[in-house]
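So the structure is just underneath, and the comments pick up after that.
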Amino acid sequence: MKRSSGKVLKTLGKFASRGGQVALTSFALVLSLTVASCSRESDRFAGDTYRLPWPDSEGQIALRPVQLKTLNDPENFEGSAARILVEPAESSGRLIAEKPRGRYIRSGSGTMIPSNYATLQAVTAYAHQEKLQSFDEKNGAATYLKWPLTIGLQVKVVDRGAIVNNNAIYDGKLDALLVVPYSLSDLPIALNGGILAHEHFHFIFQKAVLDRIGVQQSQGCQHGIAQTEAETPSAPQETETETGLDLDLGDEESIARAADEIAPGVYNAFLLRAINEGLADFWGWSYSGDVEFVGRSLPSEERVRRLDLEAGKLMDARAIRQSLVDLRRADKVIREDYRIGRAYLLGTQYARFLKGLVSALVEQGTSPEVAKGFVTAALVKALPTLGTAVVASYATDYISPNLILKPLILNLPDVKAPVCTALENFRATETGYQKPAACSGGTQ
Ligand SMILES: [Zn+2]
């Protein structure tokens, strides 16, 4: 979700920090009424109601009763939707945790009240996984995933020797979501349903697309946040490249020539990252209904990631390749930072376009909720087509940035002029582009 700059993250640290343990201990002292000794073997807790920070239909979060149908082991935060591991470490390719146990107070009316912060975060994160499971079932995505999902909270991730804060990382190798400690004063990521849904989509994209080409998403530090324009280096300073190209920064001909030399795999990895992030942002909005769910936890990202703005026009494949030539001129670290930032910016365009499709359907007379469901389901149906095309050409051809658009439109049940206009305004201008038949067909 959030960009952790640098090429690879991921050294998972050891178990709970001393500070974390102290904090939990003091919670336990304050909340000495804690009564939980919930038995692990029983599922007598399934169907219980919990008091959790939860959004209403307007997205306003307050403590509300939330019924959880599948959390049959609240002491260990486990049920058929997810296993929540607090302060886990990696062992033999798996996440393990010597976790703080769930602690609850049962109110007079039977509601389970988390009695420390770790429990509150873990149960809320679980609750969102259960709701996301229902969301997936409704939209056709549930079959891609292996349930229960593995979610790590308060995960110690080290990047370039420093602990990463304020981030969430889907790790394709572990097939797990890692939420790292949150140090800002806004909505913690573990409680942010939109961000959890964004990350959830990465599980789906991994299975539907990336697994087919053997790419594990977290290899490339997939989870950045697009930098703000002011922070994004617009003109990398170095002229030497790994490949030995020595470009004159002002020489467009050299850039065009070098763009033609960019390997399809390099370009395609960049484009898939952008598409993955963009579709994930749409998923976050579709689940949460909140156009600024990213900014609620990460205010610095609010402007570049909010979804109620125009998508703009997609770059064509050649323009994208040229942007990668620029990147090759920077040193490796700057290049990676810049590349991730650019991928997020491109991704945001896809997310805004998808939301624009919902608006176009509403303009055609569909109700907003139904329209959102149509686009979300169409997106799921389009993923196999994208996956097949990617398998066929990942190493050999430049994938068109338009590739995902046609199957999306084909899977919408009712395509009229507003949808076609949204598509035409967004798609990259490329030769060989074929309009969906519903938008009058023909090639350009
Ligand atoms: Zn992401």
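The values are calculated or read from the model by the stated rules, or taken from the named source; none is laboratory data. Being a predicted model, the structure only gives us computed values, none of them experimental. Cβ coordinates were reconstructed from backbone atoms using ideal geometry, including for glycine residues, and neighbour counts include every protein chain displayed.
Quick one: would you say Arg296 is surrounded by 19 or more Cβ atoms within 10 Å (Cβ to Cβ), among the basic types (Lys, Arg) and at pLDDT 90 or above?
Working: surrounded by 19 or more Cβ atoms within 10 Å (Cβ to Cβ): yes; among the basic types (Lys, Arg): yes; at pLDDT 90 or above: yes.
Against the criterion (surrounded by 19 or more Cβ atoms within 10 Å (Cβ to Cβ), among the basic types (Lys, Arg) and at pLDDT 90 or above), Arg296 qualifies.
Using the structure shown, decide if Ala127 is at pLDDT 95 or above, within 16 Å of the ligand (Cβ to nearest atom) and aliphatic (A, V, I, L, M).
Details: at pLDDT 95 or above: yes; within 16 Å of the ligand (Cβ to nearest atom): no; aliphatic (A, V, I, L, M): yes.
It is false that Ala127 is at pLDDT 95 or above, within 16 Å of the ligand (Cβ to nearest atom) and aliphatic (A, V, I, L, M).
Identify, from the list Val358, Val333, the residue that is in the same structural domain as Thr431 (by TED's automatic domain parsing) and without any contact (Cβ under 8 Å) to a residue 24 or more places away in the chain. Steps first, please.
Working: Val333 fails: without any contact (Cβ under 8 Å) to a residue 24 or more places away in the chain.
Selected residue: Val358, the only one of Val358, Val333 that is in the same structural domain as Thr431 (by TED's automatic domain parsing) and without any contact (Cβ under 8 Å) to a residue 24 or more places away in the chain.
Considering only the stretch 58-68, I want to know if a residue exists there that is at pLDDT below 50 and either exposed (fewer than 13 other Cβ atoms within 10 Å of the Cβ) or assigned by TED's automatic domain parsing to the domain that holds Leu174 (or both). Step through it out loud before you land on a result.
First, the residues of the stretch 58-68 that are at pLDDT below 50: none.
No.
Identify the single condition in (1) closer than 30 Å to Ala259 by Cβ; (2) away from the ligand (no atom under 16 Å from the Cβ) that Val291 does not satisfy, given that it satisfies every other one.
(1)
Looking at Ala168, Ala190, Ala197, which is the one that is surrounded by 24 or more Cβ atoms within 10 Å (Cβ to Cβ), away from the ligand (no atom under 14 Å from the Cβ), of a type in the set (A, V, I, L, M, F, W, C) and assigned by TED's automatic domain parsing to the domain that holds Ala82?
On the way: Ala168 fails: away from the ligand (no atom under 14 Å from the Cβ); Ala197 fails: away from the ligand (no atom under 14 Å from the Cβ).
Answer to the selection: Ala190.
Could you pull out the residue among Glu90, Glu75 that is acidic (Asp, Glu) and over 22 Å from the mean Cα position of the chain (by Cα)?
Numbers: Glu90 fails: over 22 Å from the mean Cα position of the chain (by Cα).
None of the other options fit; the residue is Glu75.
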